[in-house]
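The values are calculated or read from the model by the stated rules, or taken from the named source; none is laboratory data. Just so we're clear, the structure is a prediction, and the values are computed from it rather than from any experiment. A quick note on method: Cβ atoms are made from the backbone with ideal geometry, for glycine too, and the neighbour counts reach across all protein chains shown. Side chains included, ligands, DNA and RNA excluded: accessible areas come from the protein's heavy atoms. Shrake-Rupley method; radii C 1.70, N 1.55, O 1.52, S 1.80 Å.
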2 protein chains.
Amino acid sequence: LKNRQVILRARPVGIPQASDFELRDGSIPDVAHDQILVRNRVLSVDPAMRIWLGMPGGYVEPIALGSVIRSFAVGEVVRSRHSDFLPGDKVVGLFGWQEFAAVDPKSILWKIPSEEFPLSYSLGVLGINGIAAYLGMTLICRPRAGETVVVSTGAGAVGSGAGQIAGILGARVVGIAGGPEKCRRCMEDFGFHAAVDYKAGASIDDALSQAAPGGVDAYFDNTAGEISDAVRRHLNVGARIALCGTSGVAGWSPWPHGERVERHLLNKRALMQGFVVTDHVERYSEALERLGQWVRDGNLTCSEHVLRGIDRAPEAIAYLYEGRNHGKLLIEVG
Amino acid sequence: LKNRQVILRARPVGIPQASDFELRDGSIPDVAHDQILVRNRVLSVDPAMRIWLGMPGGYVEPIALGSVIRSFAVGEVVRSRHSDFLPGDKVVGLFGWQEFAAVDPKSILWKIPSEEFPLSYSLGVLGINGIAAYLGMTLICRPRAGETVVVSTGAGAVGSGAGQIAGILGARVVGIAGGPEKCRRCMEDFGFHAAVDYKAGASIDDALSQAAPGGVDAYFDNTAGEISDAVRRHLNVGARIALCGTSGVAGWSPWPHGERVERHLLNKRALMQGFVVTDHVERYSEALERLGQWVRDGNLTCSEHVLRGIDRAPEAIAYLYEGRNHGKLLIEVG
């Protein structure tokens, strides 16, 4: 039995490409005392991985050359030398792009409590993406009923969750997405009230004036960049901006320039706050409980885009940044 | 008896100059039922007046051409047709650049409770400037003991208050100011722990690395612009930025560009929030009580720069923006 692994071959320049990665046949790792051997079933592909792979301007230690790619994954315990875990347990954690991982308990984020939902949900709507959407919306955006909330990458794994949660909380939701198909999904699949296609070639400002004629009370920002410059021109007094990602910015070296934000924030007494979901581990169980209930009730839905086989992993991040995925991008391990 | 008034002659382009204003001999206004006639003693000169005078990008109705210049002032009630006010009462309010104003009670911000402090303090350290410093520091910057707080325009009316309050709360305070004399005042008069001269021609980054070697936990921003771009490169995780003014930005039409802030705020899980002191009228009395106690105890000091005679008013805003004042800029009425 082999352990197929995806290794970092070269430090990516710009968007990580398939050529930056390498597939390797490793061996099944030994399981030390207190460790757990997990067999991965589904691997996650997330925009933040670009930062983990060493994009200048990031905030975490980049993955070393020659190492297994760090990623969230969901899998099954196949061997356990720790009393909290038993073979057959389904677990979520930073298990990496590989078939098998021997991990310490602290690498396991949570045990999946039941088989009520597909395993893959624990990487998306009932995973870190859903938790990010929930926390950014409830801790920073805090929409009141009737307010207008804008979400960039509205059809994405985090954005679709954030927009639906805003809708559940009674807000009017405007999604920003690239292309008519993603805008259609914002409206039809996720129930947003309006969608703005930033790739339509028309002015985002004009589209926002139409989609949010009463202005913007909260903005869940997954892109930064020119999309966000436009949204800030439409803020209402007391607006809140949750900064969750910067996928609309090509790179941070050299540091990019854009419209100054200070006068917008001052005129509108607005707040802009960055957050990183993994800072809030103590809120995961509350978040997962509420998200699960919304999914169960049919108020929160998701879509998934599954690439089959770990050999698809090397191309996955470029796939994501080119916007070719329709739904949460996942890799199903063979 | 005449009522000397300063009138807006021309809509300023850039920094308001003396030629944009005109001195006029008005008459002492009639006092309608429920009104109060105030004789101004001291007029305030504030950076925000540039916005009130119609700078593009502002958030308030600009002063109409031919009208008396809107400003804070402190004066004495000389006639009252309202039961809450008696001749001799000292009052603070938006009385304008003129010798006499007949005002409704809502134009009076507060009555000065005692003669313990000089009247002029009610326009500075015990006025809107001090309240802005107090609220921005306690509501947004929220320094904990031992943290590092940076204040731009550190020797200014708001900045000197903000920095001293941060010091009272136990923070290590770094002032940013233009020129060696203002930096000296940050250290000697206001007790800051370090000062950065942004006009020194050296890199602000290097100076901040020296002045705040442990990074910046909170930033009270009175300037925006390149000074703030530099400060944001030194933020610590969890930093708070209070946006109080944008005096470091020449104008907002065309809208200026600068370093994108999103990645800084995201990496550092930082918060940036605009505030306008007049939104918080309900906190004025709490603020004035605490500020007064600090002044009484000798922990909070101020300096004033007084121009004598209302005929000095037309040049005052340019004076302020050129940084020629040393201390809170005031106009003592004849």
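Exposure here means at most 16 other Cβ atoms within 10 Å; with GluC sites (Glu not before Pro) in a DSSP loop as sites, the longest stretch of chain A lacking them is A:117-321.
Shown here for segment B:242-334: trypsin sites (Lys or Arg not before Pro) in loop regions (DSSP other than H, G, I, E, B) with at most 13 other Cβ atoms within 10 Å, namely B:324. Solvent-accessible area lost on pairing B with A (1.4 Å probe, both sides summed) amounts to about 3400 Å².
For the set A:148, A:138, solvent exposure ranked by accessible area (probe 1.4 Å, protein chains only) runs largest to smallest as A:138, A:148. Here the dipole of chain B is about 260 debye; that uses its Cα centre as origin and unit charges on the Cβ of Lys and Arg (positive) and Asp and Glu (negative).
Restrict the search to segment B:236-334; then list the chymotrypsin sites (Phe, Trp or Tyr not before Pro) that DSSP places in a loop and that have at most 13 other Cβ atoms within 10 Å of their Cβ. Don't jump to the answer; show the numbers that get you there.
On the way: sites: B:252, B:275, B:284, B:294, B:319, B:321; in loops: B:252, B:275.
Taking segment B:236-334 and a limit of 13 other Cβ atoms within 10 Å, no loop chymotrypsin sites (Phe, Trp or Tyr not before Pro) are found.
In chain A, taking the dipole from charged Cβ atoms about the Cα centre, the farthest positive-side position among A:37, A:281, A:151 is held by A:151.
The value of relative contact order for segment A:1-126, using C-alpha pairs under 8 Å at least six residues apart, is 28 percent.
Calculate the dipole size of the protein assembly as shown relative to its Cα centre from +1 charges on Lys and Arg beta carbons and -1 charges on Asp and Glu beta carbons; express the result in debye to the nearest 20.
140
To the nearest 20 debye, what charge dipole does segment A:145-213 have about its Cα centre, counting +1 at the Cβ of each Lys and Arg and -1 at the Cβ of each Asp and Glu?
120
As an exercise, use a Förster radius of 30 Å and the Cβ-Cβ distance of residue A:86 and residue A:296 to find the FRET efficiency, rounded to the nearest 0.05. For residue A:86 and residue A:296, the calculated efficiency is 0.70. In segment B:217-250, the residues whose accessible area drops by at least 30 square angstrom when the other protein chains are added to the isolated chain are B:243, B:246; the probe is 1.4 Å and only protein heavy atoms count. Converting phi to 3J(HN,Hα) with the Karplus coefficients 6.51, -1.76 and 1.60 and the offset θ = phi - 60°, segment B:140-145 yields 10, 5, 6, x, 9, 4 Hz in sequence order, with x at every glycine or proline.
For the pair segment B:286-334 / segment B:66-127, the C-alpha centres are spaced 16 Å from each other. Per-residue SASA remark: residue A:33, around 130 Å² accessible (1.4 Å probe; ligands, DNA and RNA not included). Remark: label point of residue B:324 defined 7 Å out from Cα along the Cα-Cβ vector; separations to the same position in other copies 6.5 nm, ascending.
Modelled this way, with points 7 Å down the Cα-to-C-beta line, the labels at residue A:308 and residue B:32 are 8.0 nm from one another. Considering only B:83, B:228, B:152, the mean-square fluctuation computed in a Gaussian network model of chain B, springs between alpha carbons under 10 angstrom, is largest for B:83. Note on residue A:199 and residue B:253: the model spin-label points, each 7 Å out from Cα along the C-beta direction, lie 3.7 nm apart. Of the whole protein surface, residue B:187 contributes about 80 Å² of accessible area at a 1.4 Å probe radius.
Here is how far apart the residue A:255 label points are across copies: 2.1 nm, shortest first, using a point 7 Å from Cα toward Cβ. The residues of segment B:111-214 expose, per residue, 37 Å² of accessible area to a 1.4 Å probe. With a Cα cut-off of under 22 Å and a minimum spacing of 8 residues unless on different chains, the lysine pairs in chain A number 8.
In chain A, carbon and sulfur make up what percent of the accessible area (probe 1.4 Å)?
C and S fraction of accessible area: 49 percent.
Relative contact order of chain A, please, whole-number percent, based on alpha carbon pairs below 8 angstrom and at least 6 residues apart.
That works out to 18 percent.
Per residue, segment A:229-295 exposes 36 Å² of solvent-accessible protein surface, assessed with a 1.4 angstrom probe and all protein chains in place.
The sum of -39500 (n - 2.57) across all DSSP H runs of n ≥ 4, divided by the residue count of chain B, sets its helix-only mean residue ellipticity at 222 nm to -6000 deg cm²/dmol. In the assembly of identical copies, residue A:237 has its label point, taken 7 Å from Cα in the direction of the beta carbon, separated from the corresponding points by 3.8 nm (ascending, one decimal).
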